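Notes follow the structure.
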Amino acid sequence: EVFQEYGTSECHHFNGTERVRYLEKYIYNRQLYAHFDSDLGYYVADSPMGESTVRYWNSQPEILDDARSAVDTYCRHNYEIYTHFLVGRQ
């Protein structure tokens, strides 16, 4: 058998960088088991498998700080980089 686990992240930009939403998703064997939503500010279990993991992540201030700061360090930062590149392509 093959087991697959992966994480992915998404940035949703509304009106440039005025309103930005950051999502992290954790998937095991094609089933979403946990996610972080910057609008909520904490991790959420999407299945029973993710409950203990989410409890741990939410109890660690460093992990939560990193996820919360991703709106600025990842989303807004990359928006400025890619917008400059994409504007010239239109």
Quiz item: Cβ-Cβ below 9 Å, separation at least six or inter-chain, first residue in the range 10-29 and in a strand (DSSP E or B), second of a type in the set (A, V, I, L, M) and open to solvent by 70 Å² or more (accessible area, probe 1.4 Å): which pairs?
Solution: Tyr28/Met49
Quiz item: Under the condition of being modelled with pLDDT under 95 and of a type in the set (A, V, I, L, M, F, W, C), which residue from the range 4-29 is surrounded by the fewest Cβ atoms within 10 Å (Cβ to Cβ)?
Solution: Phe14
Quiz item: Where residues in the range 30-56 are under 21 Å from Cys11 (Cβ atoms) and part of a loop (DSSP other than H, G, I, E, B), which of them is least open to solvent (accessible area, probe 1.4 Å)?
Solution: Gly41
Exercise. Answer with yes or no whether Glu62 is surrounded by fewer than 16 Cβ atoms within 10 Å (Cβ to Cβ) and assigned to a strand (DSSP E or B).
Key: no
Quiz item: What residue, among those in the range 66-86 that are among the β-branched types (Val, Ile, Thr) and under 13 Å from the mean Cα position of the chain (by Cα), is nearest to Leu23 (Cα to Cα)?
Solution: Val71
Practice problem: Could you tell me which numbered condition Met49 fails, if it satisfies all but one of (1) under 25 Å from Asn78 (Cα atoms); (2) aliphatic (A, V, I, L, M); (3) out of contact with any His (no Cβ under 6 Å at 6 or more places or on another chain)? | Solution: (1)
Self-check item: Meets criteria (touching a residue at least 60 places away in the same chain (Cβ under 8 Å) and of a type in the set (D, E, K, R)) for Glu5
Solution: no
Self-check item: From the options Asp65, Asp46, Asp72, residue that is modelled with pLDDT under 95 and of a type outside the set (Lys, Arg)
Solution: Asp72
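The values are calculated or read from the model by the stated rules, or taken from the named source; none is laboratory data. Keep in mind that this is a model prediction, so the values were computed, not measured. Methodologically, a virtual Cβ is constructed for each residue, glycine included, from the backbone with ideal geometry; neighbour enumeration extends over all protein chains shown. Just so you know, the surface numbers come from the protein's heavy atoms only, side chains and all, with ligands and any DNA or RNA stripped out. Shrake-Rupley method; radii C 1.70, N 1.55, O 1.52, S 1.80 Å.
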